Amino acid sequence: MAQVAELSEIAAQPAGETGPVWRALRNIFPFIVTGGAWETAAHLGLFPAKFFPPLETVAATFMRLTISGVLPHHVLDTLLRLIAGFALAAIIGVGIGVAMGRSRRVEDYLLPLISVAAPIPGLAYTPLFLLWFGPGNVPSILLVAFVSTFPIIYNAWTGVKAVKDIWVRAAHAMGADDRRLFRHVILPGALPYVLTGLRLGLAQAWRILVAVEMLAAVPWGLGWMIFGAQEFLNTDVMLSGIAVIALIGVGLEKLVFQPLENFTVVRWGMVTS
Amino acid sequence: MTAERSRSLRRGFTSFIVLAAFYELVAHSGFVKPALMPPLGTIAQTLGGMLADGSMFGHAAATLARVLIGFGLAVAVGLPLGVLMARLRPVEHFVLPLASALMPIPSLAWVPVFILWFGLGDTVTVLIVFYAALFPMLLNTWSGVRAVNPIWLRAAGAMGADERRLFWKVIIPGASPFIIAGLRQSFLRSWIAVIGAEMLAASNWGLGWVIFDAQQFLNADVMMASILVIGLIGFAAERLVFGSIERATIYRWGMARMAKG
């Protein structure tokens, strides 16, 4: 997954020979074309307006839902679930991963279990979790945590193992005790990997949370809003929800992880931004 | 070395035994209803029964067919488009902003919209798989072709390679580590998406549908048997198909993966 182009790379594309205005126009142009095609199709009445609303209807619905506070409530509940599940996963995942990287015994005992459990799509467990914990917040948060734990464990484990032996020995020779070794050598050394794991974990959590909300019948949440709108054929509500989901997805990447990376590993010179 | 390896194996084996014993203990303790947490024997029996009457094969075949069609479409669109994006500036300028806007949307968020547009059934599932698989394929191909060392291109050009040979002999092999990584990642995403799509867009056949359907009848044994099969197929695809392809390329090009996800 390391090879995927990150959004940052895409945004940081060299603009070539031209200025920022031209670049902005160039980025907007495809949206104008697709938006135009959408509008034309919607206004020509190729499809029933209920299923294929024009963009101004979607925008109006978006504004209406935002002002009435319905949409913010959905967003808030979804984000709280994401944060709760992800925080649980981060604590457990980094803990297990670091323990596996440091101790051969822990690695031997846990790695086979994790290798078997990790490839199973977390969504497959949704009905089982619903059966065990009943519908609502508990199974949603647990599932999100469960799914995002695996990439975090893998990367923390790889990261600790990737810490150069010579750094550890040098620190030992200079009289560092276990605690200081961990705090000043292993943790910073493994951090680029740990951050990669957290980023992958958050991406996975986000990808399944929306689906879990649809299945778990939670009273509030973006997934539930989209799914519930299906019954009343409110395509405009669905599309507003999807727009918000896209914005949150971009925001998680741009506002959470890039600053965190710049502040830690890039500043320490471990990776170039 | 061998002693160390056998110790690792023994420990790994031990943890499976301990986990299974713990599960059995809880299942038989009476704290939880047997319907919610069936003993391992029951799960094995259910799995055996579903394999014997062929229903499990039917579900697995339905799911695999949906995945392969959606994944195949995503490769058929994503691969050429990725190459075009990397080779032609205008294509890149047009597709990239759209792709960066659509990519952060989880594919399953589209399920209700697609159900409204196309009705319940296979079209929705295949399209969701397509959506999930398209972007990793597209962006990996794009960055792979861009990552081809320009010196190779100039060297091949200086030695008189025409456009076609340049493409097949230099660009495609040069980009293939990325392309293979893209294929693998696309397949993993498809595999997750198909399960979710089958749960939401009910269709009578498919591993995701079986699990979801079993919830209504409190058949935890059916669920666990299906989860097991889902895991086995995913594991086989990951390790046997993509693992071997990837190992071959890693050995050939000396590239290593940094992160797993």
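Rule-based calculations on the coordinates, nothing more; no lab input. These numbers come from a predicted model, not from an experiment. Please note: Cβ atoms are built from the backbone with ideal geometry, for glycine as well, and neighbour counts cover all protein chains shown.
Within the straight-line cut-off of under 27 Å between alpha carbons, the lysines reachable from A:Lys254 are B:Lys260, sequence neighbours fewer than 8 places apart in one chain being disregarded.
Computed over chain A, the per-residue total of -39500 (n - 2.57) for DSSP H runs of n ≥ 4 gives a 222 nm mean residue ellipticity of -24000 deg cm²/dmol, rounded to 500.
Contact order for segment A:59-266, expressed relative to its length and based on alpha carbon pairs under 8 Å spaced 6+ residues apart, stands at 27 percent. Put the Cα centre of segment A:162-193 next to the Cα centre of segment B:167-220 and the gap is 40 Å.
Once the Cβ-Cβ distance between B:Ile17 and A:Val138 is put in as r, and R0 is 25 Å, what FRET efficiency do you end up with, to the nearest 0.05? After rounding, the FRET efficiency stands at 0.25.
Cross-link partners of A:Lys50 among aspartates and glutamates, defined as those whose alpha carbon lies under 17 angstrom from its own and excluding same-chain residues fewer than eight positions apart: A:Glu39, A:Glu231, A:Asp236. The angle between the Cα long axis of helix B:172-200 and the longest principal axis of the Cα atoms of chain B comes to about 30 degrees, rounded to the nearest 10.
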